[in-house]
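Below: the structure, in structure tokens.
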Amino acid sequence: MAAAVRHREFPVHYQPIIELETGRCIGAEALVRWRRPDGTMVRPDEFIPLAETSGLIMPITDQVIERVVSDLNQMLVADRSLHVAINLCAEDISTGRFLPVLAAALDHTGIWPEQILLEATERGFVDVEGARRTLIEARRIGHGTAIDDFGTGYSSLQYLQTLPLNALKIDKSFVDTIGKVTATSSVTNHIIDMAKALNLLVVAEGVERQDQADYLNERGVELAQGWLFAKPLPADDFIAFHKQCQQRLGPAPIRVKDGLRRPAAGRGAEGPAAPATHP
């Protein structure tokens with residue numbers, strides 16, 4: 001894998017993020033892929049754990065940042081309603097190592113920091129104090145932050161309240177239970193209620209059926225992503241997808257610039273932000 005990093009064999013695909021109430025595409029999650037020299041693709045769940053244990057995930061993240069800027073610079077500058085979510089490993093969240101890398105990549109591009117959302121799984125928040133320092137600095141710069149795959153790890157409400165997060169992403173495993181009678185079918189509602197109580201934007205992952213989308217929209221979930229809307233797409237295909245959405249539904253209002261950094265009433269500047277229309 002070290003050779004793959006040197007040879008930059010990690011393209012990025014973009015999964016559209018959809019505003020449930022309107023159907024507009026208002027962003028994407030950047031998802032790294034590994035394309036071997038023979039053209040075969042390696043699944044992320046096969047190489048990401050290896051990259052994390054070997055320490056190679058950090059240079060891969062740096063390449064993802066560079067690729068996002070290269071792929072979508074013109075698009076993001078032309079449409080300020082759009083954002084891109086970039087996933088971060090636990091060490092990056094605890095140390096903040098990536099922040100100067102991201103700042104250098106954005107320099108002179110015209111992309112607003114508010115258009116880059118930073119995501120970390122619950123594993124990224126094990127070092128709570130380190131994560132808190134990193135997220136505070138990210139917020140000062142202008143980036144929004146989200147906790148990904150919520151409910152699959154060991155997070156607790158106690159520390160979730162102390163972190164300056166903007167959004168919470170519901171894991172696909174919980175979305176899959178919508179409309180079914182299972183032991184965890186009530187968890188989705190509890191997660192939504194908790195996120196709302198903390199003034200966090202809610203993003204549902206892995207939405208594959210219209211009844212799931214309808215249920216989430218009725219429960220006040222703002223955003224969703226999943227195969228119901230689109231699979232992860234190469235950059236050119238994502239750009240085309242977004243243009244088609246604009247042609248069909250019209251442009252989205254520009255809400256990014258003044259949304260993420262505004263603290264909620266009664267909270268300090270380092271507490272969770274007020275819910276923006278999108279992250």
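The values are calculated or read from the model by the stated rules, or taken from the named source; none is laboratory data. Just so we're clear, the structure is a prediction, and the values are computed from it rather than from any experiment. Here the Cβ positions follow ideal geometry from the backbone for every residue, glycine too, while neighbour counts run over all protein chains shown.
Residue count for the stretch 224-238 under the criterion of being within 15 Å of the chain's Cα centre (by Cα) and among the hydrophobic types (A, V, I, L, M, F, W, C): the result is 1.
With respect to T152, determine if the residue is modelled with pLDDT under 90, closer than 25 Å to L56 by Cα and assigned to a loop (DSSP other than H, G, I, E, B). Can you show your working first?
Values: modelled with pLDDT under 90: yes; closer than 25 Å to L56 by Cα: yes; assigned to a loop (DSSP other than H, G, I, E, B): yes.
Yes; evaluated as a whole, the condition is true for this residue.
Which residues, taken from the stretch 99-117, are buried (at least 19 other Cβ atoms within 10 Å of the Cβ) and not in a helix (DSSP H, G or I)? Selection gives I111, I116, L117. Taking (1) assigned to a strand (DSSP E or B); (2) of a type in the set (G, A, S); (3) at pLDDT below 95; (4) more than 26 Å from R219 (Cα to Cα) in turn, A120 satisfies each apart from (4).
Taking the conditions (1) touching a residue at least 40 places away in the same chain (Cβ under 8 Å); (2) within 19 Å of I141 (Cα to Cα) in turn, A2 satisfies each one other than (2).
Inspection of the stretch 33-55 identifies no residue that is crowded, with 21+ Cβ neighbours inside 10 Å, touching a residue at least 60 places away in the same chain (Cβ under 8 Å) and among the hydrophobic types (A, V, I, L, M, F, W, C). Does S81 fit the bill of being among the polar types (S, T, N, Q) and assigned to a loop (DSSP other than H, G, I, E, B)? Considered against the rule, which asks whether it is among the polar types (S, T, N, Q) and assigned to a loop (DSSP other than H, G, I, E, B), S81 comes out as yes. When you check V68 against the structure, is it under 18 Å from the mean Cα position of the chain (by Cα) and either closer than 15 Å to V5 by Cβ or in a strand (DSSP E or B) (or both), yes or no? Considered against the rule, which asks whether it is under 18 Å from the mean Cα position of the chain (by Cα) and either closer than 15 Å to V5 by Cβ or in a strand (DSSP E or B) (or both), V68 comes out as no. Can you confirm whether the stretch 193-207 contains a residue that is closer than 30 Å to R35 by Cβ and more than 18 Å from the chain's Cα centre (by Cα)? No, the stretch 193-207 has no match at all.
In the set A146, A167, A230, A195, which member is of a type in the set (A, V, I, L, M), surrounded by 16 or more Cβ atoms within 10 Å (Cβ to Cβ) and modelled with pLDDT of 95 or more?
On the way: A146 fails: modelled with pLDDT of 95 or more; A167 fails: modelled with pLDDT of 95 or more; A195 fails: modelled with pLDDT of 95 or more.
Result: A230 is the single residue among A146, A167, A230, A195 that is of a type in the set (A, V, I, L, M), surrounded by 16 or more Cβ atoms within 10 Å (Cβ to Cβ) and modelled with pLDDT of 95 or more.
Of the residues in the stretch 127-146, how many are outside any helix (DSSP H, G or I) and within 13 Å of T162 (Cα to Cα)? Walk me through it before giving the result.
Just the residues of the stretch 127-146 that are outside any helix (DSSP H, G or I), to begin with: 127, 142-146.
Next, from what is left, pick out any that are within 13 Å of T162 (Cα to Cα): 127.
Final tally of qualifying residues: 1.
The residue that is surrounded by the fewest Cβ atoms within 10 Å (Cβ to Cβ), counting only those in the stretch 56-74 that are out of contact with any Lys or Arg (no Cβ under 9 Å at 6 or more places or on another chain) and among the hydrophobic types (A, V, I, L, M, F, W, C), is L56. Here is the figure for the stretch 65-95: residues that are among the charged types (D, E, K, R) and touching a strand residue (DSSP E or B) at 6+ places or on another chain (Cβ under 7 Å) total 2.
Can you tell me which residues in the stretch 75-98 are among the hydrophobic types (A, V, I, L, M, F, W, C) and surrounded by 17 or more Cβ atoms within 10 Å (Cβ to Cβ)?
Selection gives M75, L76, L82, V84, A85, I86, L88, C89, A90, I93, F98.
Tell me, yes or no, whether the stretch 72-85 has at least one residue that is out of contact with any helix residue (DSSP H, G or I) (no Cβ under 8 Å at 6 or more places or on another chain), within 24 Å of L200 (Cβ to Cβ), modelled with pLDDT under 95 and not aromatic (F, W, Y).
Just the residues of the stretch 72-85 that are out of contact with any helix residue (DSSP H, G or I) (no Cβ under 8 Å at 6 or more places or on another chain), to begin with: 73-74, 77-78, 81, 85.
In the following step, the residues that additionally are within 24 Å of L200 (Cβ to Cβ) were identified as 81, 85.
After this cut, where a residue has to be modelled with pLDDT under 95 as well, the list is 81.
After this cut, where a residue has to be not aromatic (F, W, Y) as well, the list is 81.
Taking every residue of the stretch 72-85 in turn, at least one turns out to be out of contact with any helix residue (DSSP H, G or I) (no Cβ under 8 Å at 6 or more places or on another chain), within 24 Å of L200 (Cβ to Cβ), modelled with pLDDT under 95 and not aromatic (F, W, Y).
Contact map, the stretch 11-29: first residue touching a residue at least 40 places away in the same chain (Cβ under 8 Å), second residue part of a loop (DSSP other than H, G, I, E, B) and among the aromatic types (F, W, Y), Cβ cut-off under 6 Å, separation 6 or more or different chains; pairs are P16/F229; I18/F229.
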